Amino acid sequence: SSGINAECPLRPGNKNFLYTAYKVSKAGLNMYTKCSAVDLIKDNIICFSVHPGWAQTGLGGPQAPLSGETAVEDMIEIMGNCNKKHNGAFLRKGMNSIMF
């Protein structure tokens, strides 16, 4: 998910208002993560979302501070350190939880 969601007042004329489809898809992903976490914990499956940070990708562009490789390494580290207390969380580097 992206920090862009928090930066857009919902009013016409705001240039960020154009990202509506992107924001709706991220909200759907967040809800899917939460619902899956509740449904699958009984099978000892934990579900969480990961924020990779602003990375140099086709979407992030060359001005992003993280290389794609670093972003992937950070995500792998998060996945390797998750346990049941992270079920349903939205995590970023350092295992820090992001509220949504």
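The values are calculated or read from the model by the stated rules, or taken from the named source; none is laboratory data. Computed from a prediction, not measured in an experiment: that's the story for all the values here. Note that we place each Cβ from the backbone using ideal geometry, even for glycine, and neighbour counts take in every protein chain shown. Areas reflect the complete protein model, heavy atoms only, side chains present, ligands, DNA and RNA absent. Shrake-Rupley method; radii C 1.70, N 1.55, O 1.52, S 1.80 Å.
Residues are listed down the side, and each one gets a yes or a no for (1) of a type in the set (Gly, Ala, Ser); (2) within 16 Å of the chain's Cα centre (by Cα):
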{"site": "Lys34", "(1), (2)": "no, yes"}
{"site": "Val38", "(1), (2)": "no, no"}
{"site": "Cys47", "(1), (2)": "no, yes"}
{"site": "Gly53", "(1), (2)": "yes, yes"}
{"site": "Gln63", "(1), (2)": "no, no"}
{"site": "Ile78", "(1), (2)": "no, yes"}
{"site": "Gly88", "(1), (2)": "yes, yes"}
{"site": "Lys93", "(1), (2)": "no, yes"}
{"site": "Asn96", "(1), (2)": "no, yes"}
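Please go through the stretch 37-48 and pick out each residue that is out of contact with any Ser or Thr (no Cβ under 7 Å at 6 or more places or on another chain) and open to solvent by 20 Å² or more (accessible area, probe 1.4 Å).
In the first step, residues of the stretch 37-48 are kept if they are out of contact with any Ser or Thr (no Cβ under 7 Å at 6 or more places or on another chain); the result is 37-46.
Across the stretch 37-48, the qualifying residues are Val38, Asp39, Leu40, Ile41, Lys42, Asp43, Asn44, Ile45, Ile46.
Here is a check on your reading of the model: is Ala55 in contact (Cβ under 8 Å) with a residue 40 or more places away in the chain and small (Gly, Ala, Ser)? Outline the logic, then answer.
Details: in contact (Cβ under 8 Å) with a residue 40 or more places away in the chain: no; small (Gly, Ala, Ser): yes.
It is false that Ala55 is in contact (Cβ under 8 Å) with a residue 40 or more places away in the chain and small (Gly, Ala, Ser).
Kindly list, by first and then second residue, each pair from a residue in the stretch 28-52 that is farther than 13 Å from Ala89 by Cβ and of a type outside the set (D, E, K, R) to a residue that is assigned to a helix (DSSP H, G or I) and open to solvent by 60 Å² or more (accessible area, probe 1.4 Å), limited to pairs with Cβ atoms under 8 Å and residues at least 6 apart or on different chains.
Listed by first residue and then by second, the contacts come to Pro52/Val72.
Can you tell me how many residues within the stretch 49-63 are hydroxyl-bearing (Ser, Thr, Tyr) and either closer than 22 Å to Phe100 by Cα or buried (at least 16 other Cβ atoms within 10 Å of the Cβ) (or both)? Working first, answer last.
From the stretch 49-63, those hydroxyl-bearing (Ser, Thr, Tyr) are 49, 57; that's our starting set.
Subsequent filtering for residues that are either closer than 22 Å to Phe100 by Cα or buried (at least 16 other Cβ atoms within 10 Å of the Cβ) (or both) retains 49.
Residues in the stretch 49-63 being hydroxyl-bearing (Ser, Thr, Tyr) and either closer than 22 Å to Phe100 by Cα or buried (at least 16 other Cβ atoms within 10 Å of the Cβ) (or both): 1 in total.
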